[in-house]
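K.L.:
Structure in structure tokens, see below.
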Amino acid sequence: MTAAVEGSPPLRMTRARRNALLQSEPVQGFALISPTFLYALILLVLPILVVIAHSFWTQNYLTIDRTFTLENCRVALTEPIYRDLLWRSLYISLTVSFFTVVLAYPIAYFISFHGGRHKSLWLFLITIPFWTSYLLRVMSWKVILGYNGVLNSGLIGLGIINEPSTALLYNSSAVIITLTHAWAAFAILPIFVSLEKIDRTLVEAATDLGDGPFRSFLRVTLPLSAPGIISAALIVMIPTVGDYVTPKLVGGKDGVMIANAIQAQFGKASNWPLGAALSVTTMLVVTLMAGATVLVIRAAQRLAR
């Protein structure tokens, strides 16, 4: 009787559907990424949830009062020192993103359109400076911009200045210069990938229809490479807001950013709830800024067409 039920047509159809579902491409793909997804979920989402929870608590000497409060968020958004640091961080991050993309685009364009069979070699050469430590690259800018550094010595040697300038280091400009160099390769690669995907026949068609090189670039190449520009801008913008090593080494008191204040709250001040509130408000503001940047670039892309 049991054998007859197991071999009945409805049961065989159910098993066949289940096997077909398990062997389907979406299910196999999900099974393939699920360990990585769970790993990322645990190590990314859970710490963020812990930080968000801390932002609603209060530091009570050596213990944390877990009574819900918005006081830390109010302090993070209204205290002048934190507000100024956040605005300075956004300004530095946007400026670094702009200059990095502007400087990276011609390099990516040259490799994509004129690199020929040496494209891989050019990309390999771009990554060579990044074989060294990030700290070493930042410290090298102290040597270049310092009081007795390479730049001051060169300007004195050329007779442009009479004595070393103190305006080259320990300010926001030094942070912008250092971060622009540090993130250059991360902007070149997504722009290069986007340029590689452009159908070259579209450029040839624009030329055949009378567009010169500059006009075809503005109307064809630049709009079609917008996804790479957006990716490069976001890749540079989001991490640089939270960078606290570079401002600490080359920024001085005029180059301190919001990440330095967050690090101080989690470190010497031992006020984790306020540090968490600063982190959460910074994340929200950066998310809004990134969304606005994407909208601005897409609007510029539509105008270029």
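The values are calculated or read from the model by the stated rules, or taken from the named source; none is laboratory data. These numbers were taken from a predicted model, which means no experiment stands behind them. Reconstructed Cβ throughout: ideal geometry from the backbone, glycine too, with neighbour counts over all protein chains shown. Surface areas here come from the heavy atoms of the whole protein model, side chains and all, with no ligands, DNA or RNA. Shrake-Rupley method; radii C 1.70, N 1.55, O 1.52, S 1.80 Å.
K.L.:
Calculate the dipole size of the chain relative to its Cα centre from +1 charges on Lys and Arg beta carbons and -1 charges on Asp and Glu beta carbons; express the result in debye to the nearest 20.
P.N.:
Using Cβ point charges on Lys, Arg, Asp and Glu, the chain gives about 500 debye.
K.L.:
Over 10 Å intervals from 0, what percent of Cα-Cα pairs in the range 18-130 sits in each interval?
P.N.:
10, 16, 18, 26, 20, 9, 1
K.L.:
Over the range 1-157, with every protein chain in place, what whole percent of the accessible area is carbon and sulfur at 1.4 Å, could you tell me?
P.N.:
The C+S portion of the solvent-accessible surface of the range 1-157 is 72 percent.
K.L.:
State to the nearest 20 debye the size of the charge dipole of the range 160-218 about its Cα centre, where the only charges are +1 on K and R beta carbons and -1 on D and E beta carbons.
P.N.:
Magnitude of the dipole: close to 140 debye.
K.L.:
Can you find, among L94, T69, I126, the residue sitting farthest towards the positive end of the charge dipole of the range 46-137, where Lys and Arg contribute +1 and Asp and Glu -1 at Cβ?
P.N.:
I126
K.L.:
Highest first, please rank the peptides 14-27, 131-144, 73-86 by the mean number of other Cβ atoms sitting within 10 Å of their residues.
P.N.:
73-86, 131-144, 14-27
K.L.:
Students often get this wrong: which residues of the range 161-199 have the backbone nitrogen under 17 Å from the point 7 angstrom along Cα-to-C-beta of E25?
P.N.:
So the set is empty, nothing qualifies.
K.L.:
Also, I was wondering about something else. For the chain, what is the mean residue ellipticity at 222 nm derived from helices alone (per DSSP H run of n ≥ 4: -39500 (n - 2.57); sum divided by total residues; nearest 500 deg cm²/dmol)?
P.N.:
-22000 deg cm²/dmol
K.L.:
Can I ask one more? Counting only other residues whose beta carbon sits under 12 Å from that of N171, what net charge do I get with K and R as +1, D and E as -1?
P.N.:
Once positives and negatives cancel, what remains is +1.
K.L.:
So for the chain, considering every pair of alpha-carbon atoms, how many percent are separated by more than 32 Å? Don't skip to the end; give the middle numbers.
P.N.:
Values: 23061 of 46360 pairs.
Tail of the P(r) past 32 Å holds 50 percent of the pairs.
K.L.:
Of the options Y82, T207, I144, report the single residue whose Cα projects farthest towards the positive end of the charge dipole of the chain (beta-carbon charges: Lys, Arg +1; Asp, Glu -1).
P.N.:
Positive-end residue among those listed: T207.
K.L.:
Here is a follow-up. Straight distance only, please: which lysines reach the Cα of K253 with their own Cα at less than 17 Å, same-chain residues fewer than 8 apart left out?
P.N.:
Partners found: K142.
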